[in-house]
Protein chains: 2
Amino acid sequence: MPPTFLEKGNGNQYQALLDKYDTWLFDCDGVLWNGDGLVEGAKEALKLLRNQNKSIVFVTNNATKSRKNYKNKFDKLGIDATVDEIFGSAYAAAVYISSVMRLPKDKKVYVIGMSGIEEELNEEGISFIGGTDPADNTLEPFSLAEFTLDPSVAVVLCGLDTSVNYTKLSKAFQYLTRNEGCVFLATNEDSTYPESSGLLPGAGAVSAPLRFALGKDPLSTGKPSKTMLDCVRAKHDFDPTRTIMVGDRLNTDILFGQVGGISTLLVLTGITKLAEITGPNASDIVPEYVTESLGDLVVGRG
Amino acid sequence: MPPTFLEKGNGNQYQALLDKYDTWLFDCDGVLWNGDGLVEGAKEALKLLRNQNKSIVFVTNNATKSRKNYKNKFDKLGIDATVDEIFGSAYAAAVYISSVMRLPKDKKVYVIGMSGIEEELNEEGISFIGGTDPADNTLEPFSLAEFTLDPSVAVVLCGLDTSVNYTKLSKAFQYLTRNEGCVFLATNEDSTYPESSGLLPGAGAVSAPLRFALGKDPLSTGKPSKTMLDCVRAKHDFDPTRTIMVGDRLNTDILFGQVGGISTLLVLTGITKLAEITGPNASDIVPEYVTESLGDLVVGRG
């Protein structure tokens, strides 16, 4: 079925949408903001939802920040949010390791990632090495001969890491090939990472060297994986028929909603361009609704 | 057709092989040596070939060293070789850029790679940036806002780079997405890199983040690409029916021989294990001959 294009300024159409859904899941980058710049009207749209007593959950693949840390971003931009409303892919990974894998206390995780992942692992009481450890954040040559394999590493967890380097990749590769049964996890598989000046390689690009060297894909706990939605629902029950996912990416946000059996609204303030849903080479992933910007929810309401 | 397994110690069989081929192309890592350790008998096998007036060419995907530099490795291990006998994938990339692409003199290459690539580009008179430039060999945060796109970058060339980092990947990504027609080249696509203590991520893993972020594969100038064989033949004419490629990898060396229409001999001293050619999940890439080690050529000849 083709998507329903909402007409900016048509208040009735937007109110009908508001009446239909009680729980609104939001992607953040490209929906609420781009880098450090607020999307026009996004703040007011969220306020409108709160005034109408909607449940709001922010579902982000950003794994560089913990939920607590991520909340600072909301505060800085003046958007109301509580830590409990925020679900990050690093948190989902930590919950997956502790609750689904039930990693024994004497086992640990090797991290390619930043402090956000470490904080979420700490909160779940999971031991880890790598990550921000200065010993692994180096461009010095990696010596395999001098490397000691830690037999207790049972998971390699990979997220966006702007300090990714050959030492980290080499260590992770050793664990994944030499520790039997070592699990290859990724917080998310976003190919790119949007910031205010443009696009940079995303978390999926950071795990790509391991993917390529191993000839195997990681299990992802971020959107579009259903693991993420199960995690949201465990903390925050909702009726799927009255829930909508709002996002800017077809292959993460919109697919995430579809995989989870909830409705979907695409905004065009981020990655996806109109041609990708209407053009001759349109994507197979079709959102239920499309609007130019989240701000359209409030246009014409004074 | 199943491969012919040569029987170690069966002198007649090996002499028949020697009689059949005038030109012997060799992979190095995993065939002549592993890391810094010589493969037993490899040196003597090469001597035997020279005594029988065979042409010898070393065809390597190693792009961390220039041919001149790579010759030092032969010298160190006491193996006779001339620079002209050595063909590296960095050299093939430089020849491809200068002779096939005919890159205009006012255009340049952005390099993710080490000094070997830079030396070969210099030899061909090709301008480049990136590579070993200290400014790009950093784990400091990359600021896209402060980055100035050089409009003259028309090629991104990626090889094994043990100093690969987010700044280099981000810059390469900008050139490939923002400089129209910028060509994505890789010296080779080896998934792993063998050294004496084991396997590390290879050049293919280093270009994998760009592959993943772009959703597009690079053009490779290394084995198994025919570009490499064309380059060998331009410098060193041979009769394909009397030429054999000796290597340890099915998906690079053996495929390279097959793509180029020459014979192939697999040795088991490197990456490929016997099960991969005989097991229930045997590879589709079947070598013409298999022998345990290059040293088998001399076994029983005193």
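The values are calculated or read from the model by the stated rules, or taken from the named source; none is laboratory data. Keep in mind that this is a model prediction, so the values were computed, not measured. For neighbour counting, all protein chains shown are included, and Cβ atoms are generated from backbone atoms with ideal geometry for every residue, glycine included.
Annotations for the structure displayed:
- Region B:234-258, subset among the β-branched types (Val, Ile, Thr) and over 23 Å from B:ALA94 (Cβ atoms), residue farthest from the other protein chains (Cβ to nearest Cβ): B:THR241
- Out of B:PRO194, B:PRO209, one residue alone is under 24 Å from A:TYR193 (Cα atoms) and either in the same structural domain as B:GLY113 (by TED's automatic domain parsing) or at pLDDT 95 or above (or both). It is B:PRO209.
- Screening A:THR241 on (1) at pLDDT 95 or above; (2) surrounded by 15 or more Cβ atoms within 10 Å (Cβ to Cβ) shows it passes everything except condition (2).
- Check on A:ILE56, part of a strand (DSSP E or B), touching a strand residue (DSSP E or B) at 6+ places or on another chain (Cβ under 7 Å) and touching a residue at least 24 places away in the same chain (Cβ under 8 Å): yes
- If the condition is being more than 10 Å from chain B (Cβ to nearest Cβ) and in contact with a Leu (Cβ under 9 Å, 6 or more places away or on another chain), then region A:204-233 contributes A:LYS216, A:PRO218, A:LEU219, A:SER220, A:THR221, A:LYS223, A:PRO224, A:SER225, A:THR227, A:LEU229, A:VAL232.
- Residue within region B:246-269 that is free of Cβ contacts under 8 Å to residues at least 12 places away in the same chain and part of a loop (DSSP other than H, G, I, E, B) present: no
- Residues that are over 18 Å from B:CYS28 (Cβ atoms) and crowded, with 17+ Cβ neighbours inside 10 Å, drawn from region B:245-259: B:GLN258
- For region B:159-185, residues that are of a type in the set (Gly, Ala, Ser), free of Cβ contacts under 8 Å to residues at least 60 places away in the same chain and more than 7 Å from chain A (Cβ to nearest Cβ) total 1.
- The lone exception for B:ASN281 - which of (1) farther than 15 Å from B:THR60 by Cβ; (2) crowded, with 23+ Cβ neighbours inside 10 Å it fails: (2)
- Scan of region B:92-132 for residues that are surrounded by 16 or more Cβ atoms within 10 Å (Cβ to Cβ), assigned to a helix (DSSP H, G or I) and in contact (Cβ under 8 Å) with a residue 60 or more places away in the chain, ordered by number: B:ALA92, B:ALA93, B:VAL95, B:TYR96, B:ILE97, B:ILE117
- Filtering region B:138-153 to residues that are facing chain A (nearest Cβ under 9 Å) and surrounded by 12 or more Cβ atoms within 10 Å (Cβ to Cβ) leaves B:THR138, B:LEU139, B:PHE142, B:LEU144, B:PHE147.
- Being assigned by TED's automatic domain parsing to the domain that holds B:THR252, touching a residue at least 40 places away in the same chain (Cβ under 8 Å) and touching a strand residue (DSSP E or B) at 6+ places or on another chain (Cβ under 6 Å) holds for only one residue in B:TYR21, B:TYR14, and it is B:TYR21.
- Filtered residue count, region A:70-91, keeping only those that are buried (at least 20 other Cβ atoms within 10 Å of the Cβ) and not in a helix (DSSP H, G or I): 4
- Check on A:TRP33, closer than 18 Å to A:ILE244 by Cβ, touching a residue at least 12 places away in the same chain (Cβ under 8 Å), aromatic (Phe, Trp, Tyr) and buried (at least 21 other Cβ atoms within 10 Å of the Cβ): no
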